[in-house]
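Worksheet for the structure shown next.
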């Protein structure tokens, strides 16, 4: 046999062995190499695990609310007080009718025997009809059970020798006091007031009081 023939036989055997080896490798599952992720996918996976949007956003810190045991009630600021004497000094120091009326009403609102005594003295010396009217109206708004007789007497005195608006305010104040003295003053105004309209108002008030 020639050498060329022998070489051809060995080459054929080698080729057959290679074909068999490739067939065995291809048909064996364990021999299949795992698929490698593409560089783009690998970068995407790594990026997803290394950065979390929710973790990057810091949660706002919540203020700590005090417990019921630690909470303290808010203290109201002290209310400044003013004495009747201080109000009287203010009244004497101003000649403006509006300011005088406001200060006198504040004095009447104190509603104590001492403040009422000061009001009576101011009433006797007050020269402004509008201030007198405000004083009478303030008296009518006070507690009717406090110094009732003194208040009714002051309102009754305002029915004579005063301006018409002052007398009208006195009638409106007297009807709020359900006492015989108050009704007597109204009855007197119904017959003797120089203004016919006020006499009619006084009679109407008496009718209202009688129907109560």
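Worth pointing out:
- Stretched out straight at 0.36 nm per residue, the stretch from residue 114 to residue 199 would grow longer than its current Cα-Cα span by 27.2 nm.
- Sorted peptide list for 131-138, 155-162, criterion being average Cβ within 10 angstrom, highest first: 131-138, 155-162
- Relative contact order of segment 73-212, taken over Cα pairs closer than 8 Å and 6 or more residues apart, is 16 percent.
- Once the gyration tensor of the Cα atoms in segment 84-211 is diagonalised, the equivalent ellipsoid follows with semi-axes of 26, 16, 10 Å, ordered largest first.
- The ranking of 183, 124 from fewest to most other beta carbons within 10 Å of each one's beta carbon is 124, 183.
- A simple spin-label model places pseudo-atoms 7 Å from Cα toward Cβ; at residue 192 and residue 106 they are separated by 3.8 nm.
- With 0.36 nm allotted per residue and the present C-alpha distance subtracted, the residue 96-residue 163 stretch has 22.2 nm of extension available.
- Treating r as the C-beta distance of residue 82 and residue 179 and R0 as 25 Å, the FRET efficiency rounds to 0.20.
- Label-reachable residues, segment 115-133, where backbone N falls under 17 Å from a point 7 Å from residue 143's Cα toward its Cβ: 115-117
Values in this text are rule-based calculations from the coordinates and carry no lab data. Not measured: the values here are computed from a predicted model. When we count neighbours, we look across all protein chains shown, and the Cβ atoms used for this are built from the backbone with ideal geometry, even at glycine.
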